[in-house]
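Undergrad: Would you mind keeping the following structure in view while I ask a few things?
The values are calculated or read from the model by the stated rules, or taken from the named source; none is laboratory data. Just so it is clear, the model here is predicted, and its values are computed rather than measured. Cβ sites come from the backbone with ideal geometry, for glycine too, and all protein chains shown count toward neighbours. Heavy atoms of the whole protein, side chains included, go into the accessibility calculation; ligands, DNA and RNA do not. Shrake-Rupley method; radii C 1.70, N 1.55, O 1.52, S 1.80 Å.
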Amino acid sequence: MTTTSPKLSAEFIKEQEDFAAWYDAKSEDMQALIDEISDRTSYIIDEDEYDAFIDELDSYGITDAETFADAYYGEIEGTGERVTTEFTEQLCEECGYSIEPDFIANCIDWSLVWYSAIRYDFNAVEFKGNTYFFSNNYWG
């Protein structure tokens with residue numbers, strides 16, 4: 001039995017070539033930042049999105065791959081209070097805070113925790129319908 005590999009469409013090949021040309025036109029430092037974004041995020045996928053996201057990051061002082069790697073904390077699909085609440089609960093769990101028993105843990109207002117404490121240490125960057133979290137303490 002012979003198998004054939006699927007043919008790539010001319011449109012797909014053109015998109016790949018355009019992306020490569022766009023990438024190759026960037027400086028080495030910018031390529032490193034693009035690589036870091038690509039490695040760590042799931043929702044930024046094309047040249048225009050990378051350029052717009054990099055412009056947005058610049059307003060937060062994130063201009064290179066090292067700073068991005070130090071500050072980046074994660075992404076959550078969606079925007080708004082639900083996302084910051086989810087992030088806050090995940091962060092507290094990752095830090096080892098456990099609240100027992102469950103009936104007490106289920107009473108925590110994670111939104112209030114975000115607004116009263118966590119938001120001062122993180123930037124929640126909303127971009128293209130998703131939220132990216134960056135530590136404000138990346139320089140330290």
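Undergrad: Once the dipole of the chain is set up with Lys and Arg at +1 and Asp and Glu at -1 on Cβ about the Cα centre, which of CYS95, GLN16, PHE122 lies farthest towards its positive end?
TA: CYS95
Undergrad: Assigning unit charges at the beta carbon (Lys, Arg +1; Asp, Glu -1) and nothing else, what dipole magnitude in debye, to the nearest 20, does the chain show about its Cα centre? Intermediate values should be presented prior to the final figure.
TA: Details: 7 positive and 33 negative charges, 67 e Å.
With Lys and Arg at +1 and Asp and Glu at -1, about 320 debye.
Undergrad: Roughly speaking, what is the stretch gain from LYS14 to GLU49, that is 0.36 nm per residue apart minus the C-alpha to C-alpha distance, in nm to one decimal? It would help to have the intermediate numbers written out before the result.
TA: Numbers: separation 35, 0.36 × 35 = 12.60 nm, distance 1.78 nm.
So the chain would gain 10.8 nm between LYS14 and GLU49.
Undergrad: Please give the per residue accessible area of the chain, computed with a probe of 1.4 Å over protein heavy atoms only, in Å². Could the numbers behind the result be given before it?
TA: Values: 9180 Å² over 140 residues.
Accessible area per residue, the chain: 66 Å².
Undergrad: State the extension gain, in nm to one decimal, for the chain segment bounded by ALA32 and GLN90, taking 0.36 nm per residue of separation less the distance between their alpha-carbons. Please report the intermediate quantities before stating the final value.
TA: On the way: separation 58, 0.36 × 58 = 20.88 nm, distance 2.85 nm.
Once the chain is fully extended between ALA32 and GLN90, it gains 18.0 nm.
Undergrad: Further, regarding this structure: When the helices in the chain are scored as -39500 (n - 2.57) per DSSP H run of 4 or longer and the sum is shared across all residues, what 222 nm value do you end up with, to the nearest 500 deg cm²/dmol?
TA: It lands at -15000 deg cm²/dmol.
Undergrad: Counting alpha carbon pairs within less than 8 Å and at least 6 residues apart, what relative contact order, in whole percent, applies to the chain? All intermediate terms of the calculation are to be shown ahead of the outcome.
TA: Working: 115 pairs, mean separation 33.7, N = 140.
Once divided by the residue count of the chain, the mean separation gives 24 percent.
Undergrad: Quick one: which residues, 5 or more positions from TYR43 or on another chain, have an amide H under 5 Å from its amide H? H modelled 1.01 Å from N in the peptide plane, none for Pro or chain starts.
TA: none
Undergrad: If you line up the long axis of helix 28-40 against the longest principal axis of the chain, both from Cα atoms, how many degrees apart are they, to the nearest 10?
TA: 60
Undergrad: Under a 5 Å amide H to amide H cut-off, with H placed in plane at 1.01 Å, what residues pair with PHE122 once short-range neighbours are removed?
TA: ASN136
Undergrad: Each residue of region 70-77 in order: what ³J(HN,Hα) in whole Hz does its phi give by Karplus 6.51 cos²θ - 1.76 cosθ + 1.60, θ = phi - 60°, with x for Gly and Pro?
TA: Working through the residues one at a time gives 6, 8, 5, 10, x, 9, 9, 5 Hz.
Undergrad: Using alpha carbons only, how many degrees (0 to 90, rounded to 10) separate the axis of helix 10-24 from the longest principal axis of the chain?
TA: Computed tilt is about 70 degrees.
Undergrad: Which lysines have a Cα less than 25 Å from the Cα of LYS128, not counting those fewer than 8 places away in the same chain?
TA: In chain and number order, the partners are LYS14, LYS26.
Undergrad: Quick one: which residues, 5 or more positions from PHE127 or on another chain, have an amide H under 5 Å from its amide H? H modelled 1.01 Å from N in the peptide plane, none for Pro or chain starts.
TA: For PHE127, the qualifying residues are TYR132.
Undergrad: Here is a follow-up. Tell me, what is the 1.4 Å probe accessible area of TYR60, in Å² to the nearest 10?
TA: Taking all protein chains as shown, TYR60 has close to 80 Å².
Undergrad: Now for a separate question. At a 1.4 Å probe, what is the % contribution of carbon and sulfur to the accessible area of the chain? Don't jump to the answer; show the numbers that get you there.
TA: On the way: 4400 of 9180 Å².
Answer for the chain is 48 percent, counting heavy atoms of protein chains only.
Undergrad: Hey, another quick one. Kindly identify region 22-111 as rounded, prolate or oblate by the Cα gyration tensor criterion: order the square roots of the eigenvalues as a ≥ b ≥ c, call it rounded if a/c is under 1.5, otherwise compare a/b with b/c, prolate if a/b is larger, else oblate. Walk me through the numbers before you get to the answer.
TA: Details: a/c = 3.35, a/b = 2.60, b/c = 1.29.
Prolate, because a/c is 1.5 or more and a/b exceeds b/c.
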